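The next block holds one structure in the form of structure tokens; read it before the comments.
The values are calculated or read from the model by the stated rules, or taken from the named source; none is laboratory data. Since the structure is predicted, the reported quantities are computational estimates derived from the model, not experimental observations. Please note: Cβ atoms are built from the backbone with ideal geometry, for glycine as well, and neighbour counts cover all protein chains shown. Each accessible area value is taken on the protein alone, full model and side chains, heavy atoms only, with ligands, DNA and RNA left out. Shrake-Rupley method; radii C 1.70, N 1.55, O 1.52, S 1.80 Å.
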Amino acid sequence: MSERVGAILGGRWRLTAVLGTGSMATVYAATDPDGAIAAIKVLRRGLSGSRAACERFVRESYLTSAVRHPGVVKVHGDGLTDDGCPFLVMDQLDGDTLEATVQRHGGRLPLDQALEIADRVSDVLACVHEAGIVHRDLKPANVFLCEDPDNQNELLVKLLDFGVA
């Protein structure tokens with residue numbers, strides 16, 4: 001996981017920290033020489049030898065780019081690490097997962113907050129389904145809560161990890 005921290009991918013992105021790990025990939029915080037930030041999702045080395053796993057991983061970027069909704073994380077590009085693992089360059093988000101938020105609240109959210117989140121998740125899913133995509137891994141760890149950059153008082157809900165969509 002953390003052995004890639006410090007590496008430069010695509011001749012541009014320096015991996016600075018591990019943001020999270022999943023069954024197929026690790027997500028890193030990254031910066032470029034101009035100060036831009038991104039999240040870089042790198043397929044696990046053990047899976048990079050499987051053509052099917054690599055195709056499924058990169059397909060995530062093309063699936064999400066078909067959805068025009070602020071609740072879907074944008075993928076800005078892809079590439080290969082020096083050791084042949086595919087990676088995706090995505091928006092880096094500032095906030096927390098629904099799972100972590102619920103845990104901070106002792107396992108239960110206030111009803112009004114839970115309904116607001118459910119409403120926003122439903123809105124994103126409607127747009128995703130309209131594009132012909134089924135998420136297939138919707139869970140609190142794949143729902144991210146952050147402030148709307150255009151309206152600091154608004155909650156923005158983002159769906160993460162379309163890897164098995």
Reported to the nearest 10 Å², ILE37 has, with a 1.4 Å probe, an accessible area equal to 110
Would you compute, for the Cα atoms of the chain, the largest minus smallest coordinate along each principal axis and list the three values in descending order, in whole Å?
48, 33, 30
Using θ = phi - 60° and the Karplus relation 6.51 cos²θ - 1.76 cosθ + 1.60, list the HN-Hα couplings for region 11-19 in order, rounded to whole Hz, with x at every Gly or Pro.
x, 9, 9, 8, 6, 10, 6, 7, 8
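Shape of region 6-57 from its Cα gyration tensor (a ≥ b ≥ c, root eigenvalues): rounded if a/c is under 1.5, otherwise prolate when a/b > b/c, or oblate?
Details: a/c = 2.72, a/b = 1.92, b/c = 1.42.
Note, shape of region 6-57 comes out prolate.
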Can you tell me the relative contact order of region 76-165? Whole percent, Cα pairs under 8 Å, sequence separation 6 or more.
28
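Averaged per residue, what accessible surface does the chain expose to a 1.4 Å probe, in Å²? The partial results should precede the final answer.
On the way: 9120 Å² over 165 residues.
The answer is 55 Å² per residue.
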Karplus 3J(HN,Hα) series, Hz, for region 27-43 with 6.51 cos²θ - 1.76 cosθ + 1.60 (x for Gly, Pro)
10, 10, 6, 8, 10, 10, x, 8, x, 5, 10, 7, 9, 10, 9, 10, 5
For GLU3, the accessible surface traced by a 1.4 Å probe with all protein chains present amounts, in square angstrom to the nearest 10, to 110
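Please state the relative contact order of the chain as a whole percent: Cα pairs under 8 Å, 6+ residues apart? Could you put the intermediate results ahead of the total?
Details: 277 pairs, mean separation 31.0, N = 165.
Reported as a whole number, the value is 19 percent.
How much of the accessible area of the chain, in percent, comes from carbon and sulfur atoms when a 1.4 Å probe is used?
Working: 4630 of 9120 Å².
With neighbouring chains kept in place, the figure for the chain is 51 percent.
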Tell me the volume per residue, in Å³, of the convex hull enclosing the alpha carbons of region 37-103.
117
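What does the helix-only formula give at 222 nm for the chain: each DSSP H stretch with n ≥ 4 adding -39500 (n - 2.57), the total divided by the residues, and the result rounded to the nearest 500 deg cm²/dmol? Don't jump to the answer; show the numbers that get you there.
Values: 3 runs with 42 residues, N = 165.
Result for the chain, helices only: -8000 deg cm²/dmol.
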Viscosity 0.692 mPa s, temperature 37 °C: what is the translational diffusion coefficient of region 70-165 from Stokes-Einstein with a Kirkwood Rh over Cα pairs, rounded to a whole number of µm²/s?
224
Once you've got the GNM for the chain with C-alpha springs shorter than 10 Å, pick whichever of LEU155, LEU93, LEU125 has the biggest mean-square fluctuation.
LEU155
Report the net charge of residues surrounding VAL18, where surrounding means a beta-carbon distance below 14 angstrom and charges are Lys +1, Arg +1, Asp -1, Glu -1.
+3
